[in-house]
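Notes follow once the structure below has been shown.
Here, each number is a calculation from the coordinates, and none is a lab measurement. The shown structure was predicted, so the numbers you read here are calculated from the model rather than taken from an experiment. Neighbour counts run over all protein chains shown; Cβ positions are idealised from the backbone, glycine included.
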């Protein structure tokens, strides 16, 4: 197996996983916990950022990559995420949950390492990183990170695919960065199932307070993304967005909003379709996207022909 990209057979195994448990898995049960934890642990891709061979880019592609106004935000987001996840994992007494959430945090830290290596390889200038202190309320930050990924990764899936289809990202760079994008799908699946399991297993008297905390997190996340849309920089709240959504206006110039939403829905489904169907899927953001599509006029332009099919080729391997 390569340290950078897995071979064909192993890659398919990691993207197609089924839990060998009871035919029906009750949400909140021990079997449910075993299922979503085992999914994350057993589909871990062991690539090593330190040995990734970043492809040489032609001048125009290099200029497009360096012009994306998102690299500071991207590195800082992953840095905060890894600290938040690791802090929450450290306080857990359940050994399986602690192992799985630690793995999640390790992968978030690896995303930051990948981005740092990419930035160094292509000479991209970024601002100095701020410190990443451990959060005071570990559970809050763990949930805020999880729900944030549910929003940002949904759009990242579509934007990454759009960048690949249009040739904005060269095929070699798409192949190299693909494992990072797929990991986000696993993280979302894990988090959504953890939330459902956690809610079912907590005492009834705690559930109203938990619901209020979740509602507050969504208010914070919506407010932050509105701030990003208004152009607040990384010194404010804007640095809690994933790198691809922050660049949507640049990457998807040739695609209208309706086409982009449809592509995000298709990619969201594709990236999660290989994992056990008994695992819960995220519903809120996809449902909102489908609702929004009802009010958007179909595009009159023909879609641009794909310049490669790396993401779909990986599913067919």
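Laid out as a table, the results:
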item	result
Exposure proxy order (Cβ contacts within 10 Å, fewest to most) of 93, 153	93, 153
Approximate shape of the stretch 88-206 as ellipsoid semi-axes (Cα gyration tensor, √5λ), whole Å, largest first	31, 18, 12
Sequence of 111, 86, 32 once ranked by neighbouring C-beta atoms within 10 Å, starting from the fewest	86, 32, 111
Near-label residues of the stretch 272-298 by backbone N, under 15 Å of a point 7 Å along Cα→Cβ of residue 24	278
Least to most buried among 72, 125, 259 (fewest other Cβ within 10 Å first)	125, 259, 72
C-alpha center-to-center spacing [the stretch 117-161, the stretch 166-220] in angstrom	12
Two-site FRET efficiency, residue 124 against residue 42, from Cβ-Cβ distance with R₀ of 35 Å, rounded to 0.05	0.50
In range of the label at residue 93: residues from the stretch 199-219 whose backbone nitrogen is under 16 Å from the point 7 Å along Cα→Cβ	201-203
Distribution of pairwise C-alpha distances over the stretch 79-153, 10 Å bins, in %	19, 45, 28, 8, 1
